[in-house]
1. Pairs only if they're at least six apart or on different chains, beta carbon under 7 angstrom, first in segment 40-54 and closer than 13 Å to residue 99 by Cβ and touching a residue at least 40 places away in the same chain (Cβ under 8 Å), second part of a helix (DSSP H, G or I) and aromatic (Phe, Trp, Tyr); list them, first residue then second.
2. Within segment 249-267, identify whether any single residue is touching a His at 6+ places or on another chain (Cβ under 9 Å), surrounded by 15 or more Cβ atoms within 10 Å (Cβ to Cβ) and under 18 Å from residue 149 (Cβ atoms), and answer yes or no.
3. Any idea which of (1) surrounded by fewer than 18 Cβ atoms within 10 Å (Cβ to Cβ); (2) in contact with a helix residue (DSSP H, G or I) (Cβ under 7 Å, 6 or more places away or on another chain); (3) in contact (Cβ under 8 Å) with a residue 12 or more places away in the chain; (4) outside any helix (DSSP H, G or I) is the one residue 32 doesn't satisfy?
4. Do you know which residues across segment 268-285 are in contact (Cβ under 8 Å) with a residue 40 or more places away in the chain and either charged (D, E, K, R) or surrounded by fewer than 17 Cβ atoms within 10 Å (Cβ to Cβ) (or both)?
5. Given the options 228, 240, name the one that is touching a strand residue (DSSP E or B) at 6+ places or on another chain (Cβ under 8 Å), under 23 Å from residue 173 (Cα atoms) and part of a loop (DSSP other than H, G, I, E, B).
6. Condition check: outside the structural domain of residue 34 (by TED's automatic domain parsing), closer than 14 Å to residue 235 by Cα, within 21 Å of the chain's Cα centre (by Cα) and without any contact (Cβ under 8 Å) to a residue 60 or more places away in the chain. Does residue 195 satisfy that?
7. I'm told residue 27 meets every condition in (1) under 27 Å from residue 189 (Cα atoms); (2) part of a loop (DSSP other than H, G, I, E, B); (3) more than 26 Å from the chain's Cα centre (by Cα) except one. Can you identify the failing condition by its number?
Amino acid sequence: MPQQLFSRILTKATNLNASDIHIHPTTKYWIVRLRILNKLHTIMQLPLLEGAKLQSYLKFQASMDICEKRKPQSGQFEKQLNEKTFALRISALPDKLGSESLVIRLFHYQATIPFLNSTIFKASAKKIIACCHNRYGLFLFSGTTGSGKSNSMYSLANELCRNRAKHVITVEDPVEHYSPSFLQVEINEKAGLNYEKVLRAVLRHDPDILIIGEIRDSETAKMAIRAALTGHLVLSTIHASNLNTMITRLTDLGVTRDDLNDALLGISYQQLTDLYCPLCHRNCSIYCTHHPLKQTVLYETANDELLTDCINGQASIHSSIKKQYRKGVAYGFFAEKRLE
């Protein structure tokens, strides 16, 4: 049964803290892989018929067109497993042989790590907290896919609410972390609920903190700026390769530099880095349990005068992540290898 098969795959993925499940067809069989700590690991091969049944089951659960195999599709659904709830976002991509490859991104509905514990360098986390504490404006996170940007937003919001009750509203596609103390709104493009429409309604709902899953287009960017300028703390993410390109990306989306100067509290670029395991000597298997935490986040942040100079094109921001990495190597947190 495809339902039982997927439950076994999902159980293994969650036990190993995988971020994605890859189900890829070949001419002879299907390959199932897990992405763990940014590396792919093959866990099983499935006969062609069994793989096709699993594919149809997943597409049906995600409200995708089972008969359509010529166009890319995406969908999502929730799965209960061992009294835990997981949000699954599925992407289907056709190949030239007429089959489809599936990639499933896993989102765990679980308590987020306290923000100060997200990094081994507490000063960088404290700098972000101080930047947002009792202030309104826009604070942006950026980083590569899977670097924990959403985790950072949620844990920062929890930290800011620790000593004082605040009304927190999240707008996401999909909701990645279930938080009963937050009002969470999910984007539904098929029902006409896009970021622009939802954000217009949310601003009338009196939030103290507004979390926007991602700034993808000019309308979302302008709504985030509007929310920041009308007395709300807005936390969001944007795709960029470093701090400098975050500013460039915002201006490309139509945000003026005057609005950035008025609304932007700070920007942070983050990178998820493997921690060194002294017992495995860099060769940790996916089953290693020596170290409770396998990775940590390295933050680099710009605010105040440095951010203003960057917005106005008077200065560029030099990366501090490599410096943090070298410091971590000296302390024994990281292996002695070149940081990518």
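The values are calculated or read from the model by the stated rules, or taken from the named source; none is laboratory data. Computed from a prediction, not measured in an experiment: that's the story for all the values here. Every residue, glycine as well, gets a Cβ built from its backbone with ideal geometry; the counts of neighbours run over all protein chains shown.
1. 54/6
2. Checked against the condition, which is being touching a His at 6+ places or on another chain (Cβ under 9 Å), surrounded by 15 or more Cβ atoms within 10 Å (Cβ to Cβ) and under 18 Å from residue 149 (Cβ atoms), segment 249-267 yields at least one hit.
3. (1)
4. Once the filter is applied, which keeps residues that are in contact (Cβ under 8 Å) with a residue 40 or more places away in the chain and either charged (D, E, K, R) or surrounded by fewer than 17 Cβ atoms within 10 Å (Cβ to Cβ) (or both), segment 268-285 yields 274, 278, 282.
5. Step by step, each of 228, 240 is checked, and only 240 is touching a strand residue (DSSP E or B) at 6+ places or on another chain (Cβ under 8 Å), under 23 Å from residue 173 (Cα atoms) and part of a loop (DSSP other than H, G, I, E, B).
6. Spelling it out, it is not the case that residue 195 is outside the structural domain of residue 34 (by TED's automatic domain parsing), closer than 14 Å to residue 235 by Cα, within 21 Å of the chain's Cα centre (by Cα) and without any contact (Cβ under 8 Å) to a residue 60 or more places away in the chain.
7. (1) is the only condition that residue 27 fails.
Yes or no, residue by residue, for (1) at negative phi; (2) at pLDDT 90 or above; (3) in contact with a Pro (Cβ under 7 Å, 6 or more places away or on another chain):
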site: 8; (1), (2), (3): yes, yes, no
site: 30; (1), (2), (3): yes, yes, no
site: 37; (1), (2), (3): no, no, no
site: 51; (1), (2), (3): yes, yes, yes
site: 55; (1), (2), (3): yes, yes, no
site: 59; (1), (2), (3): yes, yes, no
